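J.: Below you'll find the structure I mean.
The values are calculated or read from the model by the stated rules, or taken from the named source; none is laboratory data. Here the structure is a predicted model, which means the values were calculated and not measured. Here the Cβ positions follow ideal geometry from the backbone for every residue, glycine too, while neighbour counts run over all protein chains shown. These area figures cover heavy atoms from the full protein model, side chains too; ligands, DNA and RNA do not enter into them. Shrake-Rupley method; radii C 1.70, N 1.55, O 1.52, S 1.80 Å.
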Amino acid sequence: MKLKNDFLWGGSIAAHQVEGAWDEDGKGPAIMDFVTAGEYGQARGIHESIQADVRYPSHTGIDFYHRYPEDIKLLAGMGINALRISIDWSRIYPQGDDSTPNKAGIEFYQNLVDELLKYKIKPIVTLYHFEMPINLVRKYGSWENKKVIEYYLRFCETMFQALKGRVTHWVTFNEMNHIDPQSEASDIFTYIIAGLKYSELTNKKQTLANIGYNMTLASCAAVRLGHKIDKHNEIGCVFGIEPVYAVNSDPDNVLTAFKQMDRDFYQIDAMCNKKFPQYKLDEYKDQGINLAVSAEDAQIFKEGSLDFIGMNYYASSVANYAGASEKGSALFGGLQNTFLPVSKWGWTIDPVGLRYLLNYTYRKYGLPIMITENGLGAVDEISADGRIQDPYRIAYLSKHIQEMKKAIEIDQVNCIGYLTWGPIDLVSATTGQMSKRYGFIYVDIDDQGQGTAKRLKKDSYYWYQQVIASNGTEIQYDSK
Ligand code: BGP
């Protein structure tokens, strides 16, 4: 298998990390609008109400809401043929349970999509990327309440209809798999996904299981709905998964690693195998967690299976093991791998892990896989002549593309696209920083929100242009 001519090369962004304009044109407050900026080792604050003199990065983002024509023109200059965007639910239904949608919000996304189509860039639209109206959390208790599924589906229907004929590729949810009753979670991870703080949940295991189940059900119901509205719709769900390796070949450690990695797959099982997995229900039962699949739900799982799997890939980790002396500090709490380097933010850099994960996932489901995020968060410096040299980013991306190509060309994995995270610098989700940059395009805004907001092309901009123009054959980097 070779990279197909219509292979998708592009990037991914999320509304709350770029748009800003958090209270303009009828947008309601959403969960991330209450989150302050943090940094590596210092968690983002989660506030009950907006406080004066506090910086909430989503309020201004990179001002994409007003600057998107300029930004899309720059992105188009690299030759990308796909951009994954998200729709901020709170722009469409400001309170989540409003009786009618906000026209200005719909128009914004119609115009944004038209701008992409003008440059022949395929819009890939995520319907939930950490952007829930806060009212749905406070009034209904977030995803634990089935009423929220109804409101989500109404929002999906509004957008499927509003963008019918313009958008064919959809993503129901971004990274719901981090909701996991079996492991301790940080407040920011449960908050980002469901607007709830882990430390404040009273019945943690039951609540997280309910949320994981309801989101899975909502995704399947959205797929079914999207197919009904337009048979051309290709609908996927995006997962943030990582390979989990064993520290050594001790079979106990190998089994522990397998179990830790497998935990992230029960929702994909449900979405691809037309059935919520019985093993998960039995496992829950053993742990005193009650979950029952109604006949109506079973029908939804049956009729709402995915067309493709979206994979966000950044890092791998090593499973904890009995007698480990160190505490897990890798991305999702695993141990660091002594064979591999880490980014400045402690994320393990493992290009081969991408090939491994592509193989593992493709062999399990046989569905097309789109790499929906990949990238290196790094600090960039502007030199005196205005140039931004970022060979570290090029090195990271080119190594990952090489491994993806091996998965496609040697291992016969049907991978349909490669989207980098944040092709234009944006606000970091986990830290709220601007200085954790992923882009090919630099945005002159600092961690305090100060700067000209000017956009500048980095060296990697020209490199990605060359990668795309050659359909992935020229990935070398000439630093001159
Ligand atoms: C993914 C999220 C993105 C993005 C990315 C990088 O999990 O889908 O929203 O933010 O991680 O993370 P960060 O911004 O924390 O560096």
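J.: I need the peptides 276-289, 365-378 ranked by packing, meaning the mean over residues of other C-beta atoms within 10 angstrom, with the highest value on top.
T.: 365-378, 276-289
J.: Could you order 173, 339 by accessible surface area, starting with the largest, using a probe radius of 1.4 Å?
T.: Final ranking, largest accessible area leading: 339, 173.
J.: OK, next. To the nearest 20 debye, what charge dipole does segment 403-480 have about its Cα centre, counting +1 at the Cβ of each Lys and Arg and -1 at the Cβ of each Asp and Glu?
T.: 180
J.: Quick one: compute the contact order of the chain, relative version, from alpha carbon pairs under 8 angstrom and 6+ residues apart, as a percent.
T.: Computed over the chain, the figure is 17 percent.
J.: While we're looking at this one, here's another question. Solvent-accessible area of residue 430, probe 1.4 Å, all protein chains present, reported in Å² to the nearest ten, please.
T.: 40
J.: Which one, 66, 87, 121, is farthest towards the positive end of the dipole of segment 54-128 when Lys and Arg carry +1 and Asp and Glu -1 on their Cβ?
T.: 121
J.: Mind putting a number on the dipole of segment 189-294 about its Cα centre? Charges go on the C-beta only, +1 for Lys and Arg and -1 for Asp and Glu, and I need it in Debye to the nearest 20.
T.: The dipole magnitude comes to about 500 debye.
J.: Something else now. By the scheme Lys and Arg +1, Asp and Glu -1, what is the net charge of all other residues having a beta-carbon under 11 Å from that of residue 260?
T.: -2
J.: Next question, about the same structure. What is the Cα centroid distance between segment 43-102 and segment 420-469, reported in whole angstrom?
T.: Distance between centres, Cα-based: 16 Å.
J.: Using a 1.4 Å probe and ignoring any ligands, DNA or RNA, find the accessible area of residue 302 and quote it in Å² to the nearest 10.
T.: Residue 302 has an accessible surface of roughly 120 Å² with all protein chains in place.
J.: Which whole-number value in Å² is the accessible area per residue of the chain, probe 1.4 Å?
T.: 39
J.: Quick one: grab the alpha carbon gyration tensor of segment 8-469, order the square roots of its eigenvalues as a ≥ b ≥ c, and give me rounded if a/c is under 1.5, else prolate or oblate depending on whether a/b is larger than b/c.
T.: Rounded, since a/c falls under 1.5.
J.: May I pose another question? Taking 0.36 nm per intervening residue step and subtracting the Cα-Cα distance, what contour gain separates residue 294 from residue 228 on full extension?
T.: Stretched out fully, the residue 294 to residue 228 stretch lengthens by 21.5 nm.
J.: Still on this structure: In deg cm²/dmol, rounded to 500, what helix-only [θ] at 222 nm does the chain give when every DSSP H run of at least 4 residues adds -39500 (n - 2.57) and the total is split over its residues?
T.: Only helices count here, giving -11500 deg cm²/dmol.
J.: Now for a different question. Over segment 19-64, what is the relative contact order in percent, taking alpha-carbon pairs closer than 8 angstrom and at least six residues apart?
T.: Relative CO of segment 19-64 lands at 53 percent.
J.: How about segment 144-232: which GluC sites (Glu not before Pro) there are in a DSSP loop, with at most 12 other Cβ atoms within 10 Å of their Cβ?
T.: 184
J.: Any idea how far apart residue 342 and residue 161 come out in nm if each label point goes 7 Å out from Cα toward Cβ?
T.: It works out to 5.0 nm between the two label points.
J.: In debye, nearest 20: dipole of the chain around its Cα centre with unit charges on the Cβ of K, R (+) and D, E (-)?
T.: That gives the chain a dipole magnitude of about 1000 debye.
J.: On the protein heavy atoms, probe 1.4 angstrom, tell me the percent of accessible surface of the chain carried by carbon and sulfur.
T.: The computed percentage sits at 50.
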